[in-house]
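In what follows, a single structure is set out as structure tokens and then discussed.
The values are calculated or read from the model by the stated rules, or taken from the named source; none is laboratory data. In this text the structure is predicted, and so the values were computed from the model without any measurement. Please note: Cβ atoms are built from the backbone with ideal geometry, for glycine as well, and neighbour counts cover all protein chains shown. With ligands, DNA and RNA removed, areas are computed over all heavy atoms of the protein, side chains included. Shrake-Rupley method; radii C 1.70, N 1.55, O 1.52, S 1.80 Å.
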Amino acid sequence: MINPVPMAEIWRADLLESLHLGHAVICDDSGQIVQAWGDPEALIYPRSSCKMIQALPLVTSGAAAAYGLSSERLALACASHNGAEIHTSRVRAWLRDLELGDDDFRCGPQMPDDQEARYALIRGYDAPCQYHNNCSGKHCGFLTLSQHLRAGPEYVEIDHPVQRAVREAFEEVTGATSPGYGIDGCSAPNFQTTLVGLARAMAWFASAQDRNDTQSQAAQQLVAAMMAHPDLVAGEGRACTELMRAMEGRVAVKTGAEGVFVAIVPEKKLGVALKIIDGASRASEAAIATLLVTLGVLDPGHPAAIKRMSPLLLNRRDIEVGQIRAAKGLQRLG
């Protein structure tokens, strides 16, 4: 990752205390770069920011229609959820409809991020289940596709029909052959891409309404589901949920681990992708919110924008001691 540029600054009093560097790209509906910061060819793992791509075969295969998947379930297939009741009750219902159980997942158990759900487990001396995993919605999608294809149970294996379909979709929308893959936190393969490839994919989703092929129709369904159910895509207090609510169905955004964030902007037919090289989510959230304001789709005065772009740093006594600020270079286009 050569030539990163400042993306977020940490100020304490009048001193720049820390600096987060990274890369960002905006692509248009032709796949061309509108603007880039840093190195657009930086090779990254998109992590969970690409879940809408991983969900494409679920729809294009006919599995979503065959199983009557609602927009809520399509949103969950794209989600990195908090493990709150609103999420886990829907995941468990989906499993029941598949006549499957928690043991059929391959994502692993995870203590929920939702405070109420986490404390309920602790009070009950219970261990988390796999349906608490933030990726369990995506894995329900994988299981649905696997059943539809009449494939085996090890759906996260790289040569499984589900992952072969995911890789084909991934390479088609990024416009390049992936040079390799790693195993994500939920045990599914995560395919490498350049940052411009990821932004190109998001622009492809953003312009799907201009095309009438099966892939594009699937993309429209997934984006519409994310924007209709921001509470299912992440959860209360999360950047994805709060920013999508603030933009009132105009934009879909999705975070990924290690400082990745993407945005799909249908009204402008633009895709955005960014990566903070030290993996800090406080920086990726500040950067994506700033880019959305710069693009004119997020009100800079909205509380969700202020919370992400310029949050105050408070000490243990709740005294203001500093501030996180997006780098000035992100605040203008051209």
Worksheet entry | Residues within segment 108-133 that are surrounded by fewer than 16 Cβ atoms within 10 Å (Cβ to Cβ), in a helix (DSSP H, G or I) and among the hydrophobic types (A, V, I, L, M, F, W, C), tallied | 2
Discussion item. Please determine whether any residue of segment 26-39 is surrounded by fewer than 21 Cβ atoms within 10 Å (Cβ to Cβ), touching an Asp or Glu at 6+ places or on another chain (Cβ under 9 Å), of a type outside the set (Gly, Ala, Ser) and under 30 Å from His148 (Cα atoms).
Written reply: no
Discussion item. Leu198 - would you say it is within 30 Å of Pro109 (Cβ to Cβ), open to solvent by less than 30 Å² (accessible area, probe 1.4 Å) and either among the hydrophobic types (A, V, I, L, M, F, W, C) or at pLDDT below 95 (or both)?
Written reply: yes
Practice prompt. Considering only segment 79-93, state which residues are assigned to a loop (DSSP other than H, G, I, E, B), of a type in the set (A, V, I, L, M, F, W, C) and in contact with an Asp or Glu (Cβ under 7 Å, 6 or more places away or on another chain).
Written response: Ala84
Practice prompt. Output the residues belonging to segment 201-236 that are of a type in the set (A, V, I, L, M), closer than 19 Å to Phe170 by Cα and open to solvent by 40 Å² or more (accessible area, probe 1.4 Å).
Written response: none
Practice prompt. Inspect all residues belonging to segment 244-251 and state whether any of them is touching a residue at least 40 places away in the same chain (Cβ under 8 Å), open to solvent by less than 10 Å² (accessible area, probe 1.4 Å), more than 21 Å from Ala8 (Cβ to Cβ) and in a loop (DSSP other than H, G, I, E, B).
Written response: no
Item to complete: Among the residues of segment 87-107, write down those that are touching a residue at least 40 places away in the same chain (Cβ under 8 Å) and open to solvent by less than 60 Å² (accessible area, probe 1.4 Å).
Response: His87, Thr88, Val91, Trp94, Leu95, Leu98, Leu100, Asp104, Cys107
Worksheet item: So which of Ala65, Ala75 is open to solvent by 50 Å² or more (accessible area, probe 1.4 Å), part of a helix (DSSP H, G or I) and not acidic (Asp, Glu)?
Response: Ala65
Fill in: Residues of segment 150-191 that turn out to be touching a strand residue (DSSP E or B) at 6+ places or on another chain (Cβ under 8 Å), open to solvent by 30 Å² or more (accessible area, probe 1.4 Å) and within 22 Å of Val34 (Cα to Cα), as a count
2
